[in-house]
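Peer 1: The structure under discussion is supplied below as structure tokens; questions concerning it will follow.
Throughout, read-outs are computed from the coordinates displayed, never taken from laboratory work. Computed from a predicted model, the values in this text were never measured in an experiment. Using ideal geometry, Cβ is built from the backbone for each residue, glycine included, and neighbour counts are taken over all protein chains shown.
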Amino acid sequence: MLKKGDEQYDDLRSFVYSNHSNMSDELQKISGEAEIAMKKAINHLEIELTKIRAGKATPSILEGINVDYYGTPTPISQVANVQVLDTRTISIQPWEKNMLPLIERSIMAANIGITPQNDGINIRLFMPPLTEERRRDLAKLAKSESENAKVGVRAARKTAMDELKKLGNDGLSEDLRKDLESDIQKMTDDYITKCDALYAKKEKDIMTV
């Protein structure tokens, strides 16, 4: 019996691919779409973790927050000068004064846990010190975002597996289907590991006083 790793098995797999170009294209599409979906889950996790402040002033807290700039959603950093004045204070000075209330509303709507202070020229964000309890709460929030990302990764895996089953009904050999399912599972495991690594890094940042 041929098995994965045997030269004959690899030859057979190559034969199947070369003689079923349409099937091969479909398999590549399934794998590609699964990875795109998993990458999106990771990218979203990175953005959400950035929003969880660890008590230190950093421009990254504004990442993912857009402001309506003449009808176009635009990152705050592209319509204003963002500076860290000290470990607790961020200053935002718009290039155009009329952007002040728009930036202020965007920050409020983003619900980052900080109330912007608008003095008519600048917007300042003052980072309150974190208590131990608050740090634990933020770590739990980071954990929740990580778990949500894992749900997205696993959903992409399920979609891919379902598509492979359909191809099995359309003539894809069982051995090749199982082989490709194994590839999808490995991809899933890799992205789950990335979720865990991002969470672990964020948790350390949050809990470090």
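Peer 1: How many nm separate the modelled label positions at Arg105 and Asp119, each set 7 Å beyond the Cα in the direction of the Cβ?
Peer 2: In this crude spin-label approximation the distance works out to 2.5 nm.
Peer 1: Using the 2.2 N^0.38 Å rule of thumb for compact globular proteins, work out how the stretch 42-125 stacks up: its C-alpha Rg over that value, please. Intermediate values should be presented prior to the final figure.
Peer 2: Working: Rg = 12.1 Å, N = 84, 2.2 N^0.38 = 11.8 Å.
Against the compact-globule rule of thumb, the ratio is 1.02.
Peer 1: Using alpha carbon coordinates only, what is the Rg to Rh ratio of the stretch 122-207, with Rh defined as the Kirkwood radius?
Peer 2: Values: Rg = 19.9 Å, Rh = 15.7 Å.
Taking Rg over the Kirkwood Rh, I get 1.27.
Peer 1: Using the beta-carbon distance between His44 and Asp170 and R0 = 35 Å, what value does 1/(1 + (r/R0)^6) give for FRET efficiency, to the nearest 0.05?
Peer 2: 0.60
Peer 1: Then there's this: What is the dipole size for the chain, taken about its Cα centre, with +1 at each Lys and Arg Cβ and -1 at each Asp and Glu Cβ, in debye to the nearest 20?
Peer 2: 920
Peer 1: Under the 0.36 nm per residue contour assumption, what length would be gained going from the current alpha-carbon distance of Arg177 and Asn66 to full extension?
Peer 2: Working it through step by step, the gained length comes to 35.6 nm.
Peer 1: Rank Phe126, Tyr199, Ala110 by how far each Cα sits towards the positive end of the charge dipole of the chain (+1 on Lys, Arg Cβ; -1 on Asp, Glu Cβ) and give me just the farthest.
Peer 2: Phe126
Peer 1: Give the relative contact order (percent, whole number) for the chain; include only Cα pairs under 8 Å separated by 6+ residues.
Peer 2: 24
Peer 1: With r as the distance between the Cβ atoms of Ser24 and Glu96 and R0 = 45 Å, compute the FRET efficiency 1/(1 + (r/R0)^6) and round to 0.05.
Peer 2: Plugging the Cβ-Cβ distance into 1/(1 + (r/R0)^6) gives 0.25.
Peer 1: So what's the gap between the Cα centers of the stretch 193-209 and the stretch 74-89, to the nearest angstrom?
Peer 2: Computed from Cα coordinates, the inter-centre distance equals 24 Å.
Peer 1: Students often forget the sequence filter, so: which lysines lie under 21 Å Cα-Cα from Lys201 once same-chain residues fewer than 8 apart are removed?
Peer 2: Excluding near neighbours in sequence, the set is Lys39, Lys40, Lys51, Lys56, Lys140, Lys143, Lys150.
Peer 1: Between helix 100-110 and the chain, what is the angle of the helix's C-alpha long axis to the longest principal axis, kept within 0 to 90° and rounded to the nearest 10?
Peer 2: 50
Peer 1: To continue, here is another question. How big is the gap, in Å, between the Cα center of the stretch 109-132 and the Cα center of the stretch 140-191?
Peer 2: One Cα centre to the other: 41 Å.
Peer 1: List the residues whose amide H sits under 5 Å from the amide H of Tyr69, counting only those 5 or more places along or on another chain, with H placed 1.01 Å from N in the peptide plane.
Peer 2: Answer set, sorted by chain and number: Thr74.
Peer 1: Need the full-extension length gain, Thr74 to Glu33, defined as separation in residues times 0.36 nm minus the C-alpha distance. One decimal, nm.
Peer 2: 12.0 nm
Peer 1: Next question. Could you give the spread of the C-alpha atoms of the chain along their three principal axes, from largest to smallest, in whole angstroms?
Peer 2: 76, 42, 24
Peer 1: List the chymotrypsin sites (Phe, Trp or Tyr not before Pro) in the stretch 41-137 that DSSP assigns to loop (not H, G, I, E or B) and whose Cβ has at most 16 other Cβ atoms within 10 Å. Which are they?
Peer 2: Passing both the DSSP loop test and the Cβ count: Tyr70, Trp95.
Peer 1: Would you mind checking the tilt of helix 174-207 against the longest principal axis of the Cα atoms of the chain, expressed as 0 to 90 degrees and rounded to 10?
Peer 2: Long axis of 174-207 versus the principal axis of the chain: about 20 degrees.
Peer 1: Now, a different point. What length, rounded to one decimal in nm, is gained on full extension from Thr87 through to Thr208, with 0.36 nm per residue of separation minus their alpha-carbon distance?
Peer 2: Result for the pair: 42.1 nm of gain on full extension.
Peer 1: Still on this model: Using helices alone, what [θ] at 222 nm do you get for the chain, with -39,500 (n - 2.57) per DSSP H run of 4 or more residues, divided over all residues and rounded to the nearest 500?
Peer 2: -21500 deg cm²/dmol
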